[in-house]
């Protein structure tokens, strides 16, 4: 969301930073990025944050962490953030300017307008491609061997098949697990889409039809009594 807002802002510096971030992480293969983070964890034992050529404000000993797992998650997360930023930006842009103008006229702040008005409507556009990206990222985890991390589903079955010399059955087992997990994600996506689509359709639901029928019947009785 932060990158999407930076892309939509009128500030040229923030917009430029977001554009460069998206240009780098969308323009280079994920395998290359994961390899870079793997080399980073091999070459450096400490990660320090502070003033350039000055004092260090915060330091992390990578040897005390599960560095391979950390950098695998970092690489996947940074890459996915670039694609999600464009999805969120498209969702926010799909909401008409009249909505934000009306919220501003009511005295809402920018953050309140985004939270209460813009994002709830943008979610109808954001959720479908986000579900696709999540499923795609799940399958992309098989590339973390570039870090190299070998504890993901694909590489675990690859190690076992190398011992048992039965690659095809174990590939089918891994594929079944991938299908099971993605099926759960697809079901969750369906219910999220259904939830955020409420109120966007002109088709009346059962409750709305019943309320309309009751109101019509009440109006008819009142009209009959007055006659």
Checklist entry - Mean separation of Cα pairs under 8 Å and 6+ residues apart, divided by the residue count of the chain: what relative contact order is that in percent? => result 19
Item to check | Spin-label pair residue 106/residue 171, simplified geometry with 7 Å Cα→Cβ offset, distance in nm | outcome: 5.6
Checklist outcome for this item: Residues of segment 78-109 with backbone N under 15 Å of the label point set 7 Å from the Cα of residue 116 along Cα→Cβ are 99-109
Next on the checklist: Nearest 10 degrees is fine. How inclined is helix 12-27 to the longest principal axis of the chain, computing both from alpha carbons?
Outcome noted: 60
Checklist entry - Against the longest alpha carbon principal axis of the chain, how many degrees, from 0 to 90 and to the nearest 10, is the axis of helix 30-43 turned? => result 50
Next on the checklist: What distance in nm separates the two pseudo spin-label positions at residue 142 and residue 211, each 7 Å out from Cα along the beta-carbon direction?
Outcome noted: 4.9
Checklist outcome for this item: Here the gain from full extension of residue 183 to residue 42, 0.36 nm per residue of separation minus their alpha-carbon distance, amounts to 47.1 nm
Next on the checklist: Between residue 164 and residue 51, what is the label-point separation in nm under the 7 Å Cα-to-beta-carbon projection?
Outcome noted: 5.9
Checklist entry - Is segment 1-143 rounded, prolate or oblate when judged by the Cα gyration tensor, a ≥ b ≥ c being the square roots of its eigenvalues, rounded requiring a/c under 1.5 and prolate requiring a/b larger than b/c? => result prolate
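No lab work stands behind these numbers, since they all come straight from the coordinates. Values in this document were obtained by computation on a predicted structure and should not be read as measured data. In this analysis, Cβ positions are derived from the backbone assuming ideal geometry, glycine residues included, and neighbour counts consider all displayed protein chains.
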